[in-house]
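Reading through the structure tokens given below for one structure.
Computed from the coordinates by the stated procedures, all read-outs in this text should not be read as laboratory data. This is a predicted model, so every value here is computed, not measured. FYI the Cβ positions are ideal-geometry reconstructions off the backbone, even for glycines, and counts take in every protein chain you see.
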Amino acid sequence: MGTLWKVENLTKEFEIRSEFKKIKVTALKSINLEIYKGEILGLAGESGSGKTTLGKVIIRLIDPDKGKIIYRDIDITKLPERVLRKYRKNFQIIFQDPYKSLNPRIPVGLTVMEGITGNKKERYEKAVELLNLVGIKEKRFYDYPHQFSGGERQRIAITRALSTEPEFIVCDEPTSNLDVSIQGQILNLFIELKEKFNLTYLFISHNLKIIRFLADRVGIMYKGEIVEMGKTEEIFENPKHSYTQKLIESSFAF
Amino acid sequence: MKKLLNVRNVVVGNEEIKILREISFEVNEKEIVSIVGESGCGKSMTLKTIIKLLPKNLEILSGEIYFDGIEIVKYDAMEKIRGKEIGMIFQEPSSYLNPLFTIGNQVEEAIKEKIEKKEKKERVIKILKEMGLSSNVYYQYPHQLSGGMQQRAMIAMSLINNPKLLLADEPTTALDLTTAFGIIDLLKNLVTKYNLSIIFVTHDISLAKYISDKILVMYAGIIVEKGPSNLVYTNPLHPYTQKLINCLPEKYKKGERIKTIEGQVPSLKDLPEGCPFSPRCEYKKKICENYIPGEIKIEERNVRCFKYGNFMES
């Protein structure tokens, strides 16, 4: 397994303006991380621990303050957007809330078509094929997002992410707004798609039950730092950091 | 144990749709009862029926609800009970707290007794502390608190009048696991401390097992299974309960596929004529398509399924 992403010393601070003063919040504290090709790397931690920020910084939706992001031996930390565009289609993100992440005024089929290259007919056919793959039928191609259920919308968001033929997807709590029964379907879908398209996932979730089921390796984040990282089985069987222990304990209490 | 709430054959809906169909259950004193099911099964509507806050287009068509000796369905002074005898907390505390007033102000406002301002403040600070918040929270505004703290403030507000029953509508779904765990333990402790009964709505059946004494499993407005939590979780009888438990990722090893429930919850506008779960059920017989199964009592549980009991194989 080759290294797909390498992150060195990544630091990000946000400035929060409250009434009269500015407060600096460190979202990421010198993060070092490698993501191997073809793996599912789980990222767990409570809200505000910097999981989402890390996911967004890696694919440069947010620029880091310090540190390096290396994608396939290319340092993309400082690449200008017009050069980065070449690589953009290789990495995608799926958000938590499928109610907010789809444009309510564009039929879902056209949303998926946007990411596909080729002439109109080819793009249409590819979009139909991808939608079929996640279980959305062709007759619903021109339906709007509000006509779909939460689970279906998340499927559409996944299709849109797949439309650019990416090799890496950041999954930011993609099932936490869904029912348990739908969650199972979506998790299965993630596994199937990974096998079919040789994908690599950074799977962010506060639900350790999902992380244990899905991830090959897991990183535990706490206050902007990765406090523990390793193979999933090892972390769950023998957590070393006290925060990891606490997290596992409260997750598996019920 | 004394019965606190007794819901008998309640049907809720209007001329077109029935959203709750013959709901019957009991809540004893100092008991936590969970209602489990997918979205759109009528879990929240059951709570709204008990507190009589149904949307305008829906009404209680038949049935009786006894709360502490009073029949609620025909009772027209609900404001004496609501907020005083029955408290309620919701999924997103931030949307139920007024952003313009301090927590202290809002909790004080909920006190129904006529007492002096100083006494009110003392009482509020006392309850905030019991909820695990610092007394400083009295002077703070909702946006200064985290989601978990807001939920604790909401619980304080709902308990300030010492209610006998607390209705909790997915109070931990929007929270982190660690924060949620704190809230759940708090609720469990409140039962003995405040002589409280809780109806806890959740879609996570493993959480329901952890917190409650009894579980009610709902599907499309029907209680398909009810019984002691441990039994329902470890040895579910109704096919829906079985499948719901099989959806949990913790039941699987890495690399396995989760056995999901095929299909979707039916829309309440076109429910199947018979058992609402029959289109998704692997044990479906002909009788399931035409009749809604009645309640059968087996193994300390009440189940509504034709799989059990003596029905002709057809």
Taking the range B:37-126, the equivalent ellipsoid from its C-alpha gyration tensor has semi-axes in Å, biggest first, of 29, 19, 10
List the pair-distance distribution P(r) of the range A:99-159, using every Cα-Cα distance, as the percent of pairs falling in each 5 Å bin from 0 up to the bin containing the longest distance, rounded to whole percents.
4, 21, 35, 25, 11, 3, 0
Average other protein chain Cβ within 10 Å of Cβ, residues B:172-178:
6
Test item: B:255-264 mean partner chain Cβ contacts at 10 Å
5
The range B:175-314: relative contact order from alpha carbon pairs under 8 Å, six or more residues apart, as a whole percent, is 18 percent
Take A:Phe252 and A:Asn32, extend 7 Å from each Cα along the Cα→Cβ direction, and tell me the distance between the two endpoints in nm.
2.9 nm
Just need the relative contact order of chain B here, percent rounded to a whole number, with Cα pairs under 8 Å and 6+ apart.
20 percent
If you project the alpha carbons of the protein assembly as shown onto the principal axes, what extent comes out on each, in Å, largest first?
74, 70, 47
Taking 7 Å along the Cα-to-C-beta vector as the label spot, tell me the A:Phe20-B:Lys80 distance in nanometres, rounded to one decimal.
5.2 nm
Diffusion coefficient in µm²/s returned for the range B:70-177 by Stokes-Einstein, Kirkwood Rh over C-alpha pairs, 10 °C and 1.306 mPa s, is 111 µm²/s
Take peptide A:208-218, look around each residue's Cβ out to 10 angstrom, count Cβ atoms belonging to other protein chains, and average those counts.
3
Summing -39500 (n - 2.57) over the DSSP H runs of n ≥ 4 in the protein assembly as shown and dividing by its residue number, what mean residue ellipticity at 222 nm do you reach, to the nearest 500 deg cm²/dmol?
-9000 deg cm²/dmol
So for R0 = 45 Å, FRET eff. of B:Asp185-A:Lys66 from the Cβ-Cβ r, to 0.05, ends up at 0.65
Do me a favour and compute the ellipsoid semi-axes for the range A:112-210 from its Cα gyration tensor, root of five times each eigenvalue, largest one first, whole Å.
23, 17, 10
Taking a label point 7 Å from the Cα of B:Lys259 along the Cα→Cβ vector, which residues of the range B:274-296 have an amide N closer than 15 Å to it?
B:281-284
By average C-beta atoms within 10 angstrom, highest first, the peptides A:9-21, B:129-141
B:129-141, A:9-21
Shape call for the range B:116-208 from the C-alpha gyration tensor, a ≥ b ≥ c root eigenvalues: rounded (a/c under 1.5), prolate (a/b greater than b/c) or oblate?
oblate
Using a Gaussian network model of chain B with C-alpha springs under 10 Å, which one of B:Leu97, B:Leu248, B:Leu167 is most mobile by mean-square fluctuation?
B:Leu248
Let me make sure I get this right: for chain B, a, b and c are the square roots of the gyration tensor eigenvalues over alpha carbons, sorted descending. Under 1.5 in a/c it's rounded, otherwise prolate if a/b > b/c, else oblate. Which is it?
prolate
Would you look at the GNM of chain A, springs on alpha carbons closer than 10 Å, and say which of A:Leu28, A:Leu102, A:Leu84 moves the most?
A:Leu84
Give the cross-link partners of A:Lys246 among the lysines, using a straight C-alpha distance below 20 Å as the criterion and excluding same-chain residues fewer than 8 apart.
A:Lys51, A:Lys209, A:Lys223, A:Lys231, B:Lys188
Compute the helix-to-body angle for A:120-133: its Cα long axis versus the longest principal axis of chain A, expressed 0 to 90° and rounded to tens.
60 degrees
Computed over the Cα atoms of chain A, what is the convex hull's projected area averaged over all directions, in nm²?
15.5 nm²
